[in-house]
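The values are calculated or read from the model by the stated rules, or taken from the named source; none is laboratory data. A quick note: this is a predicted structure, and the numbers were derived from the prediction, not measured. No Cβ is skipped: glycine too gets one built from the backbone with ideal geometry, and neighbour counts run over all protein chains shown. Areas reflect the complete protein model, heavy atoms only, side chains present, ligands, DNA and RNA absent. Shrake-Rupley method; radii C 1.70, N 1.55, O 1.52, S 1.80 Å.
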Amino acid sequence: MAKVALNKSSLNKEKRSLKTYNRYLPALELKRQQLMAERKKAEEALAETRSHLADVERLVREQLPMLAREDVPLEGLVRVTNVTLIDENIVGTAVPRVENISIRVKAYSDLAKPVWVDFLVELLQQMVRLRIEYQVRVLRHKELDKATRTTSQRVNLFSKVLIPQTRESIQKIQIYLSDQDRANVMNAKLSKGKVLAQEAKLAKAREQESGEAVNGH
């Protein structure tokens, strides 16, 4: 905690700071709650995509065991030609979102390949799209998680450090100034008492001088 000057100017400065912190903290806390909600949505979307991808992969294994055949060449059958991502602003955080996925299916002769190849092509396209979507959603969740942690750190900084320290500084300055006021009052009383005592002493001395002059006459 930085050392603060024990004067009225410093007191006013600390009070202004406390007012600013108390005004900013609710907005920061609201942002944290919103980010937490968005992070939860991202987690759910990620889990959903992971589940869909697992379903398609399981379907391929169960429905297309013939993929193990080497007499049917399938290399390069489905290829991604372009992926377009855009930045989406969520509670002040830029996260990626898939806008478009372009896939090219290699031309093949219906007579040259078995009929199940059509089904395979459909599943492969689904898998490609889901894998890309999954990767992007991992990034979305990562950015939202990072923003949530950063905002939470700021909330803790304000609520657990800055505000308590500022309140403590204000209290310290107020106590010091109050003590100074009491000390000044006491000093003033003591000074006044000394003056009165001196005046009384002088008055008594004058009385004695007057008395002696009368007796001498």
Would you say residue 191 is among the polar types (S, T, N, Q), assigned to a helix (DSSP H, G or I) and either modelled with pLDDT of 85 or more or open to solvent by 50 Å² or more (accessible area, probe 1.4 Å) (or both)?
-> yes
Going by the conditions given, is residue 131 of a type in the set (Lys, Arg) and either modelled with pLDDT of 95 or more or surrounded by 13 or more Cβ atoms within 10 Å (Cβ to Cβ) (or both)?
-> yes
Kindly establish whether residue 142 is open to solvent by 50 Å² or more (accessible area, probe 1.4 Å) and at pLDDT 90 or above.
-> yes
Residue 168, sole failed condition from (1) closer than 22 Å to residue 29 by Cβ; (2) at pLDDT 95 or above; (3) part of a helix (DSSP H, G or I) = (2)
If you take the residues in segment 33-46 that are open to solvent by less than 60 Å² (accessible area, probe 1.4 Å) and charged (D, E, K, R), which one is farthest from residue 142 (Cα to Cα)?
-> 38
From the residues in segment 95-125 that are surrounded by fewer than 16 Cβ atoms within 10 Å (Cβ to Cβ) and part of a helix (DSSP H, G or I), which one is modelled with the lowest pLDDT?
-> 116
Checked segment 11-29 for anything surrounded by 13 or more Cβ atoms within 10 Å (Cβ to Cβ) and of a type in the set (A, V, I, L, M, F, W, C); matches are 11, 18, 25, 28
Of all residues in segment 136-168, count the ones that are in contact (Cβ under 8 Å) with a residue 24 or more places away in the chain, closer than 16 Å to residue 97 by Cβ and out of contact with any Lys or Arg (no Cβ under 6 Å at 6 or more places or on another chain).
-> 8
